[in-house]
Structures are given as C-alpha cells and as structure tokens.
Amino acid sequence: MAEEDCLFCKISAGKIPADIVHETEDVVAFRDINPQAPTHVLIIPRKHIATINDLTADDSVDVGKLFLVAAAIARNDGIAEDGYRVAMNCNQAAGQTVFHLHLHLLGGRQMKWPPG
Ligand code: AMP
Ligand code: ZN
C-alpha cells in the first residue's frame, strides 16, 4: 500500500483526527478507536513500515523508541506497576488489519494468556 493511502500515515500527518497521547519527531501514539482494554494505545513510527517482516537494521532505533514510549504512557496512565501488555501483529494469521507497523499497549484489566 502506498503511504498516501495509509490510514496511520494520515493520522501521523494530522490529516485524520485521532486521540493523540504522545508525539515526537519519530513516533506518534494515539488511543485505539475500538479499545480492548481501559488503556489501549497504538504506538507507531512516523516512517511507513508495513509489517515486522519489512523492518531493516536501520529501523532498530525507531522500534526501540516504540517500547520506550509504551512504558512512558503506561506510567502516565497509572498501569505500569500493575502491569500491561504490548503486542504487535504481523500479517493475516496474527490478525493484522492496518499495514503500518504499530505496537498495541493494553492495560487496566487482567490479561489472559495465551492470547487468542
Ligand atoms: P491490528 O489488528 O494489529 O492491525 O490493529 C489495528 C488497530 O487499529 C485495531 O485495534 C483498530 O481498532 C485500530 N484502528 C483502526 N482505525 C483506527 C483509527 N482511525 N484510529 C485509531 N485506531 C484505529
Ligand atoms: Zn503508513
């Protein structure tokens, strides 16, 4: 998919509204439109990367930042101590529906294992 057709590129560029909770030069985080937990935030690199399979070594720093932002938001939302889950779906079998890399941050309730 071309970047101009990508939903999350449009959110990153401010062309589509979102409930943004964190924004830097490289990373944007916004609340999921269909939350699966009291805290459900999507953390994305501004760079368009479709899936985990498309990552290169050049993306390592950006990927690391996704986790740092997740931990910061977890602290801000008051779920860091109780605990939370981060998850990234890759392709159809994992249920990926938006093909712009995104880390889910889920918390505020008891998580089950294994996930469905
Ligand atoms: P995934 O299934 O891992 O690709 O996750 C995509 C996520 O994006 C889902 O949890 C959707 O609810 C969420 N989503 C889709 N459209 C929007 C939107 N416009 N704003 C916020 N979250 C969205
Ligand atoms: Zn994109």
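The values are calculated or read from the model by the stated rules, or taken from the named source; none is laboratory data. Quick caveat: nothing in here was measured; it's all calculated off a predicted structure. Using ideal geometry, Cβ is built from the backbone for each residue, glycine included, and neighbour counts are taken over all protein chains shown.
Numbers below:
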quantity: Residue match in region 72-84 (condition: aromatic (Phe, Trp, Tyr) and either assigned to a loop (DSSP other than H, G, I, E, B) or surrounded by 17 or more Cβ atoms within 10 Å (Cβ to Cβ) (or both)); calculated: yes
quantity: Only listed residue being in contact with a Leu (Cβ under 7 Å, 6 or more places away or on another chain), more than 20 Å from Pro115 (Cβ to Cβ), surrounded by 13 or more Cβ atoms within 10 Å (Cβ to Cβ) and modelled with pLDDT of 95 or more, chosen from Ile20, Ile44, Ile11; calculated: Ile44
quantity: Selection count, region 41-57, where residues are in contact with a helix residue (DSSP H, G or I) (Cβ under 7 Å, 6 or more places away or on another chain), part of a strand (DSSP E or B) and closer than 17 Å to Thr97 by Cβ; calculated: 3
quantity: Residues satisfying the stated conditions in region 22-54, i.e. of a type in the set (Ser, Thr, Tyr) and within 12 Å of ligand 2 (Cβ to nearest atom); calculated: Thr51
quantity: Residue list for region 47-58, restricted to those being farther than 15 Å from Asn91 by Cα and crowded, with 16+ Cβ neighbours inside 10 Å; calculated: His48
